[in-house]
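Shown next, in structure tokens, is the structure this report addresses.
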Amino acid sequence: MNDDLIRLPDLVSEYARYYEVDTQEAAHALHELIKELYLEYSVRQGKVALPDHIFWVGRVGSSQRSNRIYKLFFEGLIKYFDDLCDPLPGIDKDLVRSYCESDSSTKDIPVGLIYLSRVALGEWILDAGIEPPDYMLIGNADKGAKGSEGGEKFQAKELGSISLIVNGLINLIKEVDKAHTEQPLDDASGKRADTIKRRALGLRSVRKNFDPCLAILSLAEAAEVEMPKSHKTLRKFMKGHFQGDEG
């Protein structure tokens, strides 16, 4: 099995080792992360099942897919991490509920048989506009100890953030152009266009304490464009490109 493919329990242990925390803290952090993904992909986009190119049921001792076709769901993953970070007596935390399409029934799958691609998971998180934990985008988590400055780490995490920013800025330009040139179809789209134009105009502020990164994220929110959620991430890559920035 290559370095990218890991079992579900390894996701927790790698997080704990990388950030030097205990299992419960790692499970809690991953529980919060999956809940964020649930809000984006399930609540907002209506996707209930987990992508099968990221999570799948393998075989004993092998990441090769099971002959049977299984679907895994957000609910099962959330419950698994929840049971780990807040264990209850009598609850088997080593099983995840799935649906077996091969015999049209629900199945409890041992967590050790659930595999995932660390890189694909990291990219999926980025696509949701969320910054993934560093080790998910690193070829080998053991090499990515906290504080490591390796080039591989930069290429994975940093370039992922840069890609999100560049694509976001391109889409922002398109949305601002539409707001100025296209005729609104109804009141809601008219209000949306007005908000986009108003927030775009705000980028020209001359206030001494003006934070352009916050203004860009505010514009992105109005335009419904994916950008890094933290203005600190944006500022990290745009430092020195705005009037008033030092260095």
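Nothing in this text is a laboratory measurement; each read-out follows from the coordinates by a stated rule. Bear in mind the structure is a predicted one, so any value in this text is a computation, not a measurement. A quick note on method: Cβ atoms are made from the backbone with ideal geometry, for glycine too, and the neighbour counts reach across all protein chains shown.
One table, with the values for the structure above:
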quantity	calculated
Debye log10 I(q)/I(0) for region 5-145, one point scatterer per Cα, at q = 0.10, 0.21 Å⁻¹	-0.31, -1.49
Lys/Arg +1, Asp/Glu -1 at C-beta; the chain dipole; positive extreme among Thr195, Leu113, Ala128	Thr195
Zone residues, region 1-27, relative to Tyr99, backbone N less than 12 Å from point 7 Å out along Cα-to-Cβ	none
D (Stokes-Einstein, µm²/s), Kirkwood Cα radius, region 153-238, 1.002 mPa s at 20 °C	156
Simple spin-label estimate for Gln24 and Asn171 in nanometres, 7 Å along Cα-Cβ	3.9
Computed label-point distance, nm, for sites Lys107 and Ser230 using a 7 Å Cα→Cβ extension	4.0
Protection proxy ranking of 163-171, 222-230, 111-119 - average other beta-carbon atoms within 10 Å, highest first	111-119, 222-230, 163-171
HN-Hα J in Hz across region 38-47 - Karplus 6.51, -1.76, 1.60, θ = phi - 60°, x for Gly and Pro	4, 4, 6, 8, 8, 5, 7, 9, x, 8
Rounded to whole Hz, the Karplus (6.51, -1.76, 1.60) HN-Hα couplings of region 112-118, x for glycine and proline	x, 9, 9, 10, 8, 9, 4
Under 15 Å from Lys236, Cα to Cα: aspartates and glutamates that are on another chain or at least 8 residues apart	Glu131, Glu158, Asp211, Asp245, Glu246
Structure-derived Cα Rg over 2.2 N^0.38 Å: which label, when the choices are (1) 1.70; (2) 1.27; (3) 1.19	(3)
Sequence-separation-based contact order of the chain, relative, with Cα cut under 8 Å and 6+ spacing, percent	17
Under 5 Å, built H, 5+ apart or other chain: amide partners of Ser230	none
Placed amide H near Ile69: partners under 5 Å, 5+ positions off or other chain	Glu101, Ser102
Region 93-110 - phi-based ³J(HN,Hα) in whole Hz, Karplus 6.51/-1.76/1.60, Gly and Pro as x	8, 9, 10, 10, 5, 9, 10, 8, 6, 5, 10, 6, 8, 7, 9, 8, 9, x
